[in-house]
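The values are calculated or read from the model by the stated rules, or taken from the named source; none is laboratory data. Here the structure is a predicted model, which is why all the values come from computation and not from measurement. Every residue, glycine among them, receives a Cβ derived from its backbone with ideal geometry; neighbour counts consider all protein chains shown.
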Amino acid sequence: MPKPAVAEKKPEAKPEAKKEAPQEPQAQEERPQYRPREYTPRGKRGIVHLFASHNNTIMLVTDVTGAETIAKCSGGEVIKAQHKEGSPYAAMKIAEIAAQKAKEKDIFEVDVLVRGPGGNKPASPGPGAEAAIRSLTRNGLRIRKIENVTPLPHDGCRKKKRHRGKRGK
């Protein structure tokens, strides 16, 4: 009979220690360890691809993966005069339309990827880039980051010859 009494005392001490340990992980399991990347407290996240050359500005809003296009707009849709498609005013109007369409799809936070012509053309984005980014924030989109993704050559093609002008005389 003394054997069962010894066996009873040992299990009593062990379950108490076991009861305390499982309670801590349960508390951790109740709250999520991470937040899904494409969702924010206000809504979904998106990516704004902004191509700004000196002749035109094109804006494309996609989801986080870049697979689904949510909104697309360019200078030709907003302004009819071809020489004004790359102006800051046109870029502002483009951003208003894109932001409105993005908010309809419940996107409130975006990453902006700015691209200039690049290659053997100028690497700097056109005049519409800054105006478009400012207009996105004014229209209620929160910008997480702005990144320049202009393609730069690593000793690629030769540049075009310089246009004839009054230089050299």
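When you check Lys166 against the structure, is it modelled with pLDDT under 95 and either in a strand (DSSP E or B) or not β-branched (Val, Ile, Thr) (or both), yes or no? Answer is yes for this residue.
Among the residues of the range 148-155, not a single one is in contact with an Asp or Glu (Cβ under 6 Å, 6 or more places away or on another chain) and either surrounded by fewer than 17 Cβ atoms within 10 Å (Cβ to Cβ) or hydroxyl-bearing (Ser, Thr, Tyr) (or both). Keeping to the range 54-83, report how many residues are surrounded by fewer than 16 Cβ atoms within 10 Å (Cβ to Cβ), within 23 Å of the chain's Cα centre (by Cα) and of a type in the set (A, V, I, L, M, F, W, C). Matching residues across the range 54-83 total 1.
Any residue at all in the range 31-53 that's farther than 22 Å from Asn139 by Cα, part of a loop (DSSP other than H, G, I, E, B), at pLDDT 95 or above and touching a Pro at 6+ places or on another chain (Cβ under 9 Å)? So far as the range 31-53 goes, yes, one or more of its residues are farther than 22 Å from Asn139 by Cα, part of a loop (DSSP other than H, G, I, E, B), at pLDDT 95 or above and touching a Pro at 6+ places or on another chain (Cβ under 9 Å). Here Glu104 passes the criteria (1) surrounded by 14 or more Cβ atoms within 10 Å (Cβ to Cβ); (2) out of contact with any strand residue (DSSP E or B) (no Cβ under 7 Å at 6 or more places or on another chain); (3) over 30 Å from Arg162 (Cα atoms) except the one numbered (1). Pairs meeting the criteria (first residue in the range 130-158 and within 26 Å of Lys93 (Cα to Cα), second residue among the aromatic types (Phe, Trp, Tyr) and at pLDDT below 95, beta carbons under 8 Å, at least 6 apart or on different chains) are Gly140/Phe108; Leu141/Phe108; Arg142/Phe108. Yes or no: Arg134 surrounded by fewer than 18 Cβ atoms within 10 Å (Cβ to Cβ) and modelled with pLDDT under 95? Taking the combined requirement at face value, the residue does not satisfy it.
Considering Gly86, Gly140, Gly126, the condition of being at positive phi and either surrounded by 12 or more Cβ atoms within 10 Å (Cβ to Cβ) or outside any helix (DSSP H, G or I) (or both) is satisfied by Gly140 alone.
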